[in-house]
């Protein structure tokens, strides 16, 4: 797998310079010629305007009227900064005004994140006392029928609890369905439904309107029919398996504690986003088609696959001009891809695909940006993604080298990033871009930490890697939002984010110097790997 995903770009550089003319399937440098027969003029034009296109996209994403992609209300137009007039202003002025806009957005995101960390939880517990209470005091008893007053309980939770904070979590623990034939075929004293006239639609739509995130802890299989009905009403939601066959109260408590932590973390991540309501964001995250397509029915497509030469020094990393056309390599790429994504996140859709340039064809994954603005799916944005991943890849190699020098017992896992590549496909219907990755779906994918500073699953190696990127770049940037696969001897990561002092790089997930301070420095605690590497201890910043 590593040999497929970790190409030696220096060998490519040497082979390109010595090969003379290159055929349509070999690698070539975009900067060598603008008249190459295998490089379209439209592609070269996009690359030439890459920097200006990025500034315009940043302005668009920051709410600037001049580059807006969709109509906004007059109130929003009036409240945003005055539009940037690219026709009459110099590039330096454009950059300065866009930085000001970005700073406003960063302030909003950080404030939003801070509010999201204030959580209303319908079921609050003190873990130690709760374990003892469950074990010693609670005895299971049954009523005359199987169903319970589920809708009444949910209605009371919504209407009688004071939901005052931004993040609102309702964790419903259950081993029985509500009353009514709609939910169960078991004996029921109220087969026509809730005796007080409540309906699932009324209760769940109230939960939605109050922006309360609903989760369910399943103790038995009896509520399965109820869960199906609930999903038809509000869409997908997380269900935690709390079944211990009634034999181990300690195991139940442990599972419950994990469910509470997971539901809170997931909710904070959702509510810290600024895109629509939490239920819109949930559906966007979970709508997917899991079926791999019948490849024989899909057309063969061709495009250009692009990636950068890896940087060699800190100076290369800091130089935004390094990641431009002269250091960009491309080759012809033939492929097929599924018509619908199998997975969707807040930023990207993922598709099954086949790499037909290999013999036999190899299964891969193609990712496409979720559309948010006119420039969202431009080649420039995808090149920015592979710039981010190229820097993360370079820094991970430096980190691994440093770790090997001090880790004599080989207990520190390696940190590796998938080799980043972008695909550009152009036909009569327009231009479409994707990123390309190996198919690693047989492995368990995890989100270890999040761009806003939340640590979902702590690993001292990953937190040390983030710390290392901060020290190596002398505080210029931090690589975070680490996600991927944990293997026996390494972490294989993809789609990182970078907080950087330069606010005109690395996209809208870059929260600048304040992102470094508030999302990383304020949360980081040095562990044993930081100590092994001799990284200076970080003094926590009080926000």
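Each value in this text was obtained by applying a stated rule to the coordinates, not by laboratory testing. What you see is a predicted model; the values in this text were computed from it and never measured. For neighbour counting, all protein chains shown are included, and Cβ atoms are generated from backbone atoms with ideal geometry for every residue, glycine included.
Starting with the highest mean, order 523-534, 49-60 by the number of other Cβ atoms within 10 Å, averaged over the residues of each peptide.
By packing density, highest mean first, the sequence is 49-60, 523-534.
For the residue pair residue 156 and residue 297, what label-to-label distance in nm results when each label sits 7 Å from Cα along the Cα-to-beta-carbon direction?
With each label point 7 Å from Cα toward Cβ, the separation is 5.1 nm.
For a protection proxy built on the mean count of beta-carbon atoms within 10 angstrom, sort 157-165, 466-474, 331-339 highest first, please.
Most protected by this proxy first, the peptides run 466-474, 331-339, 157-165.
Mind jotting down a quarter of the surface of the convex hull over the alpha carbons of region 427-501, in square nanometres, one decimal?
Computing the convex hull of the Cα atoms and averaging its projections yields 7.5 nm².
At a 10 angstrom cut-off on C-beta neighbours, averaged per residue, how do the peptides 300-311, 425-436 rank from highest to lowest?
Final packing ranking: 300-311, 425-436.
What residues from region 405-440 fall in the zone where the backbone N is under 20 Å from a label point 7 Å along the Cα-to-C-beta line of residue 531?
What the label zone holds, given the 20 Å backbone N cut-off, is 405-414.
Which distance in nm do the two modelled labels at residue 49 and residue 362 give, with both placed 7 Å along the Cα-to-Cβ direction?
That separation, rounded to one decimal, is 3.5 nm.
Express the relative contact order of region 179-246 as a whole percentage, based on alpha carbon pairs under 8 Å and six or more residues apart in sequence.
32 percent
Taking 0.36 nm per residue of separation and subtracting the Cα-Cα distance, what length does fully extending residue 186 through residue 231 add?
14.1 nm
Which ordering of 291, 519, 369 is given by a fewest-first count of other beta-carbon atoms within 10 Å?
So the ranking, lowest neighbour count to highest, is 291, 369, 519.
If I stretch the segment between residue 96 and residue 339 completely, what's the gain in nm (0.36 nm per residue apart, minus their alpha carbon distance), one decimal?
83.4 nm
Most exposed first by the Cβ proxy, i.e. fewest other Cβ within 10 Å, how do 442, 202, 289 rank?
Starting with the residue having the fewest Cβ neighbours, the order is 442, 202, 289.
Sorted from fewest to most neighbouring beta carbons within 10 Å, what does the list 342, 323 look like?
Result, fewest neighbours first: 342, 323.
What full-extension length gain, to one decimal in nm, is calculated for residue 457 and residue 471 as 0.36 nm per residue of separation minus the Cα-Cα distance?
Between residue 457 and residue 471, full extension yields an extra 2.8 nm.
Run the numbers on region 445-542 and let me know its relative contact order in percent, using alpha-carbon pairs under 8 Å that are six or more apart.
So the answer I get is 27 percent.
Below 8 Å between Cα atoms, with a sequence gap of 6+, how large is the relative contact order for region 354-469 in percent?
Here the relative contact order equals 27 percent.
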